[in-house]
There are 4 protein chains.
Amino acid sequence: MNFLSDTTAPAHPDILAALADANVGYAPSYGNDALTAELTERLGGIFETEVDLVLTTSGTASNALALSVLCPPHGMILCHDEAHIHRDERGAPEFFTGGGKLLPLGGEHAKVAPEHLERALAQWPQDFVHAPPPRALSISNLNESGCTYSPSELRALTRQAKSNSMGVHFDGARFANALVSSGENASTMSWRSGADILCLGATKNGALGAEAILLFGETRALLPELQARQKRSGHMGPKARYIAAQMLAWLKDDLWLDLAQSANTAAGNVAGILRNVGATIIHPVDGNEVFAQLDEELAERLRAAGVGFYQWPDGSARFVASWSTSNDDLRALEKVASG
Amino acid sequence: MNFLSDTTAPAHPDILAALADANVGYAPSYGNDALTAELTERLGGIFETEVDLVLTTSGTASNALALSVLCPPHGMILCHDEAHIHRDERGAPEFFTGGGKLLPLGGEHAKVAPEHLERALAQWPQDFVHAPPPRALSISNLNESGCTYSPSELRALTRQAKSNSMGVHFDGARFANALVSSGENASTMSWRSGADILCLGATKNGALGAEAILLFGETRALLPELQARQKRSGHMGPKARYIAAQMLAWLKDDLWLDLAQSANTAAGNVAGILRNVGATIIHPVDGNEVFAQLDEELAERLRAAGVGFYQWPDGSARFVASWSTSNDDLRALEKVASG
Amino acid sequence: MNFLSDTTAPAHPDILAALADANVGYAPSYGNDALTAELTERLGGIFETEVDLVLTTSGTASNALALSVLCPPHGMILCHDEAHIHRDERGAPEFFTGGGKLLPLGGEHAKVAPEHLERALAQWPQDFVHAPPPRALSISNLNESGCTYSPSELRALTRQAKSNSMGVHFDGARFANALVSSGENASTMSWRSGADILCLGATKNGALGAEAILLFGETRALLPELQARQKRSGHMGPKARYIAAQMLAWLKDDLWLDLAQSANTAAGNVAGILRNVGATIIHPVDGNEVFAQLDEELAERLRAAGVGFYQWPDGSARFVASWSTSNDDLRALEKVASG
Amino acid sequence: MNFLSDTTAPAHPDILAALADANVGYAPSYGNDALTAELTERLGGIFETEVDLVLTTSGTASNALALSVLCPPHGMILCHDEAHIHRDERGAPEFFTGGGKLLPLGGEHAKVAPEHLERALAQWPQDFVHAPPPRALSISNLNESGCTYSPSELRALTRQAKSNSMGVHFDGARFANALVSSGENASTMSWRSGADILCLGATKNGALGAEAILLFGETRALLPELQARQKRSGHMGPKARYIAAQMLAWLKDDLWLDLAQSANTAAGNVAGILRNVGATIIHPVDGNEVFAQLDEELAERLRAAGVGFYQWPDGSARFVASWSTSNDDLRALEKVASG
């Protein structure tokens, strides 16, 4: 009963099988292979626009690389105070930007509140030489409290950002979970809602390690800059075909959406189980994450039975379901929870 | 009637005269001159402990250099949300630390509140590889709202920092103003209250450009690291004797305290004048800065008469008095203010 | 007939199979899994000493991370002018160290010549505040001209480095090729010859993407610093078990040495084929790389027939054999070469 | 008899006097003062073109700031192996560029040889993602061996740079010495010979601490970027009027050229004195620096008599004359030298 993180789950068999299929003969290295080209084409179709991309094996790397082409060293990145880039990446954006500043913003359920964004933009102008100007807005969707921004919520924020000449980054480590939760399509949940760059993650949703940084529209002109930084940071994988192969298999026949749907459904069940035993679910369960306020007795019982969950800094308990969370897992949790 | 900043004031004549005295013959460059040695000795006496120091001509540089020897690239600096290092140095600490993170904390009147510090330390532990650990606490005294921390306030904060293995930096751009305001001596307001490094500024208090970074106690072992960074950042002045000369004159016969006293007294008078015409003074006027909420009509009248003040991001008006603020300046302000 | 690079080769079937074996159930993420622990143990045995390690998927990342814990931002890394870290990593060491300097040294066949190292150490002292002191020596073995340093050659260099308080980094992207070429064992070719850190690469020798940074002796104390930087640079893989699994399979039953032996033998054959048609082999062929001076007619004939090789900056042609270079490949090359 | 460096000399009285003249009343801070505006105008006249500028108090800072707007973190700066930016600034360019690489080039008398530049450009192409492309060429004039590049020598180099889309930086720490040595005017020795940015130094030629970074032509568009970096690095002096005042006095009535002429003449005399006692002068004495090969007996005699000179890494002795080197100094040197 491991609900610690979706990174503890194994890879989906189809994705593993794709590695074997890709393991034939010689292939150009560093992203010049046929599978990477095919993937670029495929994602263009899914996102209904031409895209440029680079691949990595780490969501932290993807986020930091994306932000480093949007924000200069003397600029600022606005994000929610709960954002993964602020809380859980050991200062990766600061490192990759060469010392850019992150300004944490407030808002319920880890969603940036438009009025908080507005206040920050008023306090930190674009043309004051003494302070870093806001140059990028970063939004996680699915976000760090397991909630989905709707397209109109996204647009309310990105419109503010764009009218301040800022770039917009979407952290999509759990993008598929947000997609199936919202019922929207990929383009609506990305560039049509203002994203200039989307970090699309497969690692938490069935891959061994596969992440794509997608550039949309005019931001595609930043591809050479992005590749230079990808290389320089050790993220231009010599045998990139194996990353592309994973992601192609993940996208094939909507596997990515099916896996996300499974995880979301399982999370809903986890929430139900916890609610039934008196826990308070503190954020809407839109995706595959559940944040619960447990009483100490319940928490102890779960721990004693080996149920894995994560103690969140605010005192709540985070349970993450994954594509591989089984009905057995859920039944076992229910049994332990109900004591 | 210039109350924009103490950086708009001229230098005190005694300090200018000291440059001429120092301008005789050859002197070793880069801080190896006799005046720098004499200054080190003198400051040791004033602070009642042996100190090591390096000199710069900029408070921003001093703060950033000091922080760069306390906080690694993957660490975090805690400071007040209003701190100059966070708001007004264009990301200098992030640059000098190689991408360290600043975490802004709350508290009334720009003083870090102990409970805010405690909460931050609870949320950001020392041993979590995924997040930057707090490595340095930075406290401005006089602070950015013109308030003085008392020794016991300082100790309450630095004790927390030290029990978390953090270094402690005091931003003393207006240290002399805090000294005369508190009536405490230099040692009590620095290392005896927990400072490992003090950035002692003379530029805002009568010098042309002279700042000292003072290392206390065990932190003195960081001198070579500090010098390497001073050189590398272009702050090891080739003709350092002229910085040392300024600071020696500034300290001589308590000139620094007299100048600070003048500025503080003038600020008290500015506050009185503004209060008399109905303005609200929003922070205690401990030093040489006054923050007033002006009605629009008063603000407009002052501006029209050429009174220089600074619009603060929170909507208030900041008036800064300096050693050179004259009774004529005050009378002229009073006349304009009373309409 | 692809001799462009060993990074164009597929993965060995045993290594692919190990991924499937590892793909069972939940596993702690970020390197806390059982396979990583097993690998640490295994490598300790092979290197005949306790080691600490972190895993990445990129040799560039491994080198840069290793160097970043040996060299401060204001220090210098000495390496050969042909070193991969200097020529082919887009400034990764400069990035990871926060602006450290690389000083390129001379020497035949891409081997640092002891007298060049000595001269550099004389010109760049440890205690001159105005210049970056040499803090790390980096040696590639197998090196960039395909040559192996012998243990005594290594010791002559590392002894100089250590008597100057420098750390020693070995770039072992093709370490296995150097091992089988020299007939020495792993400990002799690493820490017993002065390496503090070895970047051990499997990617070019049969893996999909697997690299280990090994810390020896006192350098093991730098593990937390290394992990902080690994995280911060996006190289702490969330599903690290798949990297460890590859490397365990690679080491099993000396597979790594067998694969390296195959590649070395194939390279020897390539060299023979080219020599037979009049090409000059310009460096000893100790490992799996051949550098040949081709006349234009021969180069053209090879290119026309689709033989992949790399034009080196010095005008020579580089042919790289890999574990998967087959006898058919060699016969086909011979046929084309002999016209 | 101090010939250690021109940084050990005092300031010229006229420049000191200008500080007193500037020390009247309030002035806008951070470079928005009237003197800085006047200086910009004045330099535009002297250089026969509109310029933009920022002021600092350090040549190291000026060089590093200038290079940081020409070279991205993943780019490369080409300079002579003897360049001050490479040898004597503790990695400042690497720091300010965020990890850019310096590639040292050869050439007699510390002048970059065109064929060395050509070879470097051939080996390090603009469009190879795996290596930092050359983005800036840095030329010191007067250079580190005390030699002056002629306009045609400058053009031969800058033409190569520009045809590779590189920016061109001139380190003019001793620009005035090169001017009077060459008899050329300021525009011919800067932008007309290909400089995009000139770091014009007064500190070594009579000022207390005053350096200007001059932007020419299209490079003027980089002013906001340069100012952001100036602020961020602590080099936007709060009381910039005192730097501008120094430089205005320095330029007035050709004082800068007179001082440089004095220093150059004195250096010529030093060279004559040393030659007369059998020393070999190893570089042309174009400016105010003399490099001599001394026999040990002579060196010892000079040292014993308190003659200050600097032991250069190549074994020679460097003697630097300054504006304040007097005939008494020269006579005393002659007396000691002739034994």
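The values are calculated or read from the model by the stated rules, or taken from the named source; none is laboratory data. None of these values were measured; they are calculated from a predicted model. Quick reminder, even Gly has a Cβ in these numbers, built from the backbone with ideal geometry, and neighbours come from all protein chains shown.
So the values come out like this:
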item: Scope the range D:164-204; condition touching a helix residue (DSSP H, G or I) at 6+ places or on another chain (Cβ under 9 Å), among the small types (Gly, Ala, Ser) and in a loop (DSSP other than H, G, I, E, B); matching residues; result: D:173, D:186, D:187, D:190, D:194, D:195, D:202
item: Sole residue being part of a strand (DSSP E or B) and in contact (Cβ under 8 Å) with a residue 40 or more places away in the chain, chosen from C:136, C:120, C:161, C:156; result: C:136
item: First in the range C:304-319 and within 14 Å of chain D (Cβ to nearest Cβ), second anywhere and outside any strand (DSSP E or B) and β-branched (Val, Ile, Thr), Cβ under 7 Å, 6 or more apart; result: C:316/C:282
item: Residues of the range C:260-282 classified as of a type outside the set (S, T, N, Q), crowded, with 20+ Cβ neighbours inside 10 Å and out of contact with any Ser or Thr (no Cβ under 7 Å at 6 or more places or on another chain), total; result: 7
item: Search result, residues across the range B:94-111 that are in a helix (DSSP H, G or I), touching a strand residue (DSSP E or B) at 6+ places or on another chain (Cβ under 8 Å) and within 14 Å of chain C (Cβ to nearest Cβ); result: B:94, B:97
item: Number of positions in the range B:59-76 that are of a type in the set (Gly, Ala, Ser) and more than 8 Å from chain D (Cβ to nearest Cβ); result: 3
item: Residues within the range B:125-142 that are of a type in the set (A, V, I, L, M, F, W, C), surrounded by fewer than 24 Cβ atoms within 10 Å (Cβ to Cβ) and more than 8 Å from chain A (Cβ to nearest Cβ), tallied; result: 1
item: Matching entry among B:290, B:336 (being of a type in the set (Val, Ile, Thr) and either buried (at least 20 other Cβ atoms within 10 Å of the Cβ) or touching a Cys at 6+ places or on another chain (Cβ under 7 Å) (or both)); result: B:290
item: Breaking point among (1) within 25 Å of residue B:17 (Cβ to Cβ); (2) over 19 Å from the mean Cα position of the chain (by Cα), for residue D:55; result: (2)
item: Selected residue (criterion: nearest to the chain's Cα centre (by Cα)) from residues of the range A:133-165 that are within 22 Å of residue B:313 (Cα to Cα) and of a type in the set (S, T, N, Q); result: A:160
item: Enumeration of residues in the range B:320-339 that are over 25 Å from the mean Cα position of the chain (by Cα) and touching a residue at least 60 places away in the same chain (Cβ under 8 Å); result: B:332, B:333, B:334, B:336, B:337, B:338, B:339
item: All positions within the range D:144-153 that are in a loop (DSSP other than H, G, I, E, B) and acidic (Asp, Glu); result: D:144
item: Selection status of residue C:289, in contact with a Lys or Arg (Cβ under 7 Å, 6 or more places away or on another chain) and either at pLDDT below 95 or closer than 28 Å to residue C:94 by Cβ (or both); result: yes
item: Candidates D:301, D:232, D:220, D:241, filtered to the one that is more than 14 Å from chain B (Cβ to nearest Cβ) and either surrounded by fewer than 16 Cβ atoms within 10 Å (Cβ to Cβ) or within 29 Å of residue B:233 (Cα to Cα) (or both); result: D:220
item: Given (1) over 18 Å from residue A:140 (Cα atoms); (2) more than 14 Å from chain C (Cβ to nearest Cβ); (3) not in a helix (DSSP H, G or I), index of the condition residue A:207 fails; result: (2)
item: Answer residue from the range A:48-58, given it is touching a strand residue (DSSP E or B) at 6+ places or on another chain (Cβ under 8 Å) and either within 14 Å of chain C (Cβ to nearest Cβ) or among the charged types (D, E, K, R) (or both) and is surrounded by the fewest Cβ atoms within 10 Å (Cβ to Cβ) among those; result: A:52
item: Which numbered condition residue D:83 misses (of (1) touching a residue at least 60 places away in the same chain (Cβ under 8 Å); (2) within 14 Å of chain B (Cβ to nearest Cβ)); result: (2)
item: Subset of the range A:29-47 [touching a Gly at 6+ places or on another chain (Cβ under 9 Å) and at the interface with chain C (Cβ under 10 Å from one of its Cβ atoms)]; result: A:29, A:30
item: Helices (runs of 4 or more DSSP H) within the range B:244-339 that include 2 or more residues under 25 Å from residue B:148 (Cβ atoms); result: B:255-276, B:327-337
item: Residue B:61, sole failed condition from (1) farther than 26 Å from residue C:228 by Cα; (2) over 18 Å from the mean Cα position of the chain (by Cα); (3) not aromatic (Phe, Trp, Tyr); result: (2)
item: Hits in the range B:102-159 (condition: in contact with a helix residue (DSSP H, G or I) (Cβ under 6 Å, 6 or more places away or on another chain) and of a type in the set (D, E, K, R)); result: B:144, B:155
item: Residues that are under 17 Å from residue B:132 (Cα atoms), outside any loop (DSSP other than H, G, I, E, B), among the aliphatic types (A, V, I, L, M) and out of contact with any Lys or Arg (no Cβ under 6 Å at 6 or more places or on another chain), drawn from the range A:78-93; result: A:85
item: Residue check for residue D:234: in contact (Cβ under 8 Å) with a residue 60 or more places away in the chain and in a loop (DSSP other than H, G, I, E, B); result: no
item: Every pair of residues 6+ apart whose Cβ atoms lie under 8 Å, when the first sits in the range C:24-46 and is over 25 Å from residue A:16 (Cβ atoms) while the second is part of a loop (DSSP other than H, G, I, E, B) and of a type outside the set (A, V, I, L, M, F, W, C); result: C:44/C:50
item: Hits in the range A:6-28 - residues which are surrounded by 22 or more Cβ atoms within 10 Å (Cβ to Cβ), more than 7 Å from chain C (Cβ to nearest Cβ) and either of a type in the set (D, E, K, R) or assigned to a loop (DSSP other than H, G, I, E, B) (or both); result: A:6, A:12
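A quick yes/no check of all residues on (1) without any contact (Cβ under 8 Å) to a residue 24 or more places away in the chain; (2) aromatic (Phe, Trp, Tyr); (3) over 19 Å from residue B:110 (Cβ atoms); (4) assigned by TED's automatic domain parsing to the domain that holds residue B:16:
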{"position": "B:262", "(1), (2), (3), (4)": "no, no, yes, no"}
{"position": "B:277", "(1), (2), (3), (4)": "no, no, yes, no"}
{"position": "B:280", "(1), (2), (3), (4)": "yes, no, no, no"}
{"position": "B:290", "(1), (2), (3), (4)": "no, no, no, no"}
{"position": "B:298", "(1), (2), (3), (4)": "no, no, yes, no"}
